Each structure stands twice: as structure tokens, then as C-alpha cells.
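The values are calculated or read from the model by the stated rules, or taken from the named source; none is laboratory data. Being a predicted model, the structure only gives us computed values, none of them experimental. Positions of Cβ are backbone-derived with ideal geometry, glycine not excepted, and every protein chain shown enters the neighbour counts. Quick note on the areas: whole protein, heavy atoms, side chains included, nothing else; ligands and nucleic acids left out. Shrake-Rupley method; radii C 1.70, N 1.55, O 1.52, S 1.80 Å.
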Amino acid sequence: MYDDRTEMIMEKKTAGGLMSREAVSALKGVSIICIVLHNVVHLLSEVKECEFSFSEAPVQTFMESFLRIPVESVISFYGWVVVSVFMFASGYGLTVKYGDRPIMATRWIWEHYKKLFLLLLPVMTGMIVGRLILYGLSDGERLTNMLLQQSLLLNIINPKAISPGVYWYLGLAFQFYLCFLLFRKIPVKGLVAIAVLSWGLTAFLPHDGVNYVRHNCMGWMPEFVLGIILARKEIKIERAGKAMLLISGLVLTVACSVSGYTFSLSGIGFIAVLLSIKDYLTRSRALLFIGSISATLYVVHPMVRSVYLFWMTAQLEANPVLSGIIVLVMSVPVAILYKRLWMSKVG
């Protein structure tokens with residue numbers, strides 16, 4: 001999730017290269033749609049996920065449920081992999097925009113921190129005020145955690161306390177801005193070593209350790225450094241290459257997801273899938289538009305989800321996929337207003 005200025009520079013620098021401005025926006029559009037659907041479906045479905053750590057139970061449930069509820073099963077179990085696309089796009093976009101430019105580190109860090117801080121500020125303020133109205137100061141620890149979350153530091157201090165859990169990504173995004181300053185001059189071999197180290201942490205650390213690193217930057221390095229590496233090179237994928245990339249990406253996504261040693265690499269497979277079809281995705285004006293509001297759609301949909309699920313569960317049992325679609329449709333106009341009334345003023 002990076003700003004329109006980054007995309008404009010990308011359009012100039014990557015004409016005929018791997019990704020144009022429209023391709024990036026389309027990938028973001030697909031990804032945020034999948035994220036919104038997943039964040040509703042996996043709460044309601046019997047099928048869960050293996051995003052922050054691996055467990056055999058969701059894999060078994062997915063296999064048992066796939067033929068009976070295929071769409072719900074795929075969205076719930078695999079929906080999280082689209083987060084990897086934003087990691088990849090961040091590495092790619094930052095490299096295209098800043099890879100060869102001199103940077104005043106302190107000012108650069110502050111500007112990017114401020115952007116993320118302001119993006120979250122209104123919704124988190126509303127949640128804090130709402131909690132004070134409902135519960136007062138009786139749960140001081142919860143309020144403290146919400147303030148730390150607004151500061152983008154809770155991922156490091158206590159990721160289990162993040163609420164709504166969706167907002168873990170913003171703290172991670174800020175960490176990647178810091179990482180980029182360290183990585184942008186590192187040669188490809190060094191970046192590959194960092195990616196391998198990241199995979200090793202998620203493959204061999206105990207469960208709690210994996211959960212912690214997956215809430216922080218070291219758990220997602222393969223996607224981020226892949227974006228950096230590909231942004232440094234002029235790459236064109238021919239038709240035969242796209243077919244191979246599509247097939248290998250699908251195989252990698254599925255094969256990696258069923259083992260604790262490889263589950264963290266599933267997102268790499270999904271990135272490959274989207275890169276193979278990016279030219280077709282770019283033709284959709286709807287995806288391009290959704291991609292243009294992906295950041296605000298990301299921050300508002302948890303509130304819409306909370307309101308919808310509170311109402312729905314009070315009325316009748318919610319259908320997971322239908323509920324996901326309803327929350328997505330409801331969130332789009334909210335995201336548009338949020339961008340026009342808030343982000344256009346402060347960003």
C-alpha cells in the first residue's frame with residue numbers, strides 16, 4: 001500500500017518492464033478484495049487458516065470441507081496469502097521510487113510513519129472513544145494496547161493484543177520502510193540470504209516464536225526482497241513464460257500450504273499467479289478503482305465488519321461468503337468517503 005506518487009514514478013520507469021502503474025493498481029485491487037472477504041469468512045467458517053503459524057487442524061478441515069463448500073474453504077484457508085502481494089508491491093514500489101535517490105533518513109522515516117499514523121488515526125480514535133463509552137476506564141490494559149497499536153509499536157511489544165487483528169499490517173508496513181533503508185544498497189546475493197533466513201525462522205522456530213516473527217518483518221522477508229530484486233531488473237514475461245508462471249505459482253501455493261516447514265512461502269506462489277495474469281487484470285476498470293482506494297478500504301472494513309457481524313449474529317446465522325460480499329460492498333463507499341474527507345486533507 002503505497003501512495004499515488006509512487007505509482008506515477010513507477011509508470012515512467014517501468015514502461016515495458018515487469019509492472020506498470022495500472023498493473024500494480026490491479027494487483028492491489030485483487031488483493032484487497034480477497035483480504036476483505038477473507039477477514040469476514042474465516043471468522044464465520046468452520047475452515048480456518050495458517051497465516052501466523054502452522055497447524056494441521058485447519059489443513060485437515062480444509063481437505064474435508066473443500067468438496068462440500070469449495071468457495072468458502074478457499075477464501076478462508078487461502079485468503080491470507082494475498083497479504084504477500086502488498087509486501088511484494090512495497091518492496092517493488094520503494095525500490096523504483098527511491099532505489100537510486102539520495103535519502104535524508106530521519107525525514108524519510110518520519111514522512112512514512114506519519115502517513116501510516118494518520119491513515120489509522122480516525123478509526124482507532126473512534127474505537128477508543130467507543131470503548132470508553134461502553135466500558136469506561138475499567139480495562140486500562142486494553143486501552144494502553146490500543147494506543148500502542150495506533151503508535152504502530154504493538155507488533156513488537158505484544159502482537160497477541162492487537163485488536164482488531166487486521167491492523168497488524170500497519171505496524172509491519174512501517175518496519176519495512178525501515179528495512180528498505182538498510183536493504184536498498186545490499187546486492188542480490190545478500191537479499192537472497194535474508195530471505196532464506198526469514199524462511200528458516202518460520203520453518204524451525206517453536207510455535208510462539210513463529211507467531212511472533214510472522215507479526216513482524218522477519219516473517220515476511222521473501223516477498224519483500226523479491227519485490228526489491230525484480231524492481232532492479234528489466235523483465236518481460238512472454239506468453240509461454242506466463243503459462244509456466246501460472247501453473248508453477250498455483251502448485252507452489254497449494255504445496256507449500258500443507259507443511260509447517262513451507263507454509264510461509266505460499267504467498268510467493270500467489271504472487272507468481274498474479275504476475276502471470278496481470279495484463280488481463282489491468283483491463284478491469286473496477287479492479288483499478290478498488291486498487292486506488294485499497295489503503296482506506298483496508299482500514300475501514302474492520303469497523304464495517306464489526307457492525308455487520310454484531311447485527312447479523314443478533315438476527316440469524318450468517319452465511320460466511322455472502323457476509324463477506326456484503327461487508328465488501330458496504331465498505332467501498334465508506335472507503336471512498338474516508339479517502340476524500342480525511343486522507344486527501346492530510347496526505
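Remarks
- Extreme residue, nearest to Gly126 (Cα to Cα), among residues of the range 296-323 that are at pLDDT below 95 and within 19 Å of the chain's Cα centre (by Cα): Met303
- Note on the range 206-221: among residues that are out of contact with any Lys or Arg (no Cβ under 9 Å at 6 or more places or on another chain) and not in a helix (DSSP H, G or I), the one that is surrounded by the most Cβ atoms within 10 Å (Cβ to Cβ) is Asn216.
- Candidates Leu275, Leu337, Leu341, Leu322 - the one that is part of a helix (DSSP H, G or I) and either surrounded by 15 or more Cβ atoms within 10 Å (Cβ to Cβ) or among the hydroxyl-bearing types (Ser, Thr, Tyr) (or both): Leu275
- Test: residue in the range 133-142 that is over 19 Å from the mean Cα position of the chain (by Cα), farther than 26 Å from Lys339 by Cα, among the polar types (S, T, N, Q) and assigned to a helix (DSSP H, G or I): no
- Looking across the range 126-149, the residues that are within 17 Å of Tyr298 (Cβ to Cβ) and open to solvent by 30 Å² or more (accessible area, probe 1.4 Å) come down to Gly126, Met127.
- Residue ID - most open to solvent (accessible area, probe 1.4 Å), chosen from residues in the range 284-295 that are of a type in the set (Gly, Ala, Ser) and farther than 15 Å from Val123 by Cα: Ala286
- Residue satisfying all of: in the range 89-126; free of Cβ contacts under 8 Å to residues at least 60 places away in the same chain and of a type in the set (Phe, Trp, Tyr); nearest to Trp168 (Cα to Cα) among these: Phe117
- Taken over the range 27-60, the criterion of being open to solvent by less than 40 Å² (accessible area, probe 1.4 Å) and among the hydroxyl-bearing types (Ser, Thr, Tyr) is satisfied by Ser31, Ser45, Ser53.
- Figure legend. Inter-residue proximity from the range 319-347: first residues touching a residue at least 60 places away in the same chain (Cβ under 8 Å), second residues of a type outside the set (Val, Ile, Thr) and not in a helix (DSSP H, G or I), beta-carbon distance below 6 Å, spacing 6+ or different chains. Indicated pairs: Pro320/Ser45.
- Entry remark, the range 147-205: residues being free of Cβ contacts under 8 Å to residues at least 40 places away in the same chain, part of a helix (DSSP H, G or I), over 20 Å from the mean Cα position of the chain (by Cα) and farther than 22 Å from Glu51 by Cβ number 7 in total.
- 2 or more residues at pLDDT 95 or above, among the small types (Gly, Ala, Ser) and over 21 Å from Ile325 (Cβ atoms): qualifying helices (runs of 4 or more DSSP H) within the range 56-99: none
- Of the criteria (1) in contact with a Phe, Trp or Tyr (Cβ under 7 Å, 6 or more places away or on another chain); (2) at pLDDT 95 or above; (3) aliphatic (A, V, I, L, M), which one Ala193 fails: (1)
Residue by residue, here is whether (1) closer than 28 Å to Leu182 by Cα; (2) among the aliphatic types (A, V, I, L, M); (3) without any contact (Cβ under 8 Å) to a residue 24 or more places away in the chain; (4) open to solvent by 20 Å² or more (accessible area, probe 1.4 Å) holds:
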residue: Glu223; (1), (2), (3), (4): yes, no, no, no
residue: Lys242; (1), (2), (3), (4): no, no, no, yes
residue: Leu245; (1), (2), (3), (4): no, yes, no, yes
residue: Ile271; (1), (2), (3), (4): yes, yes, no, no
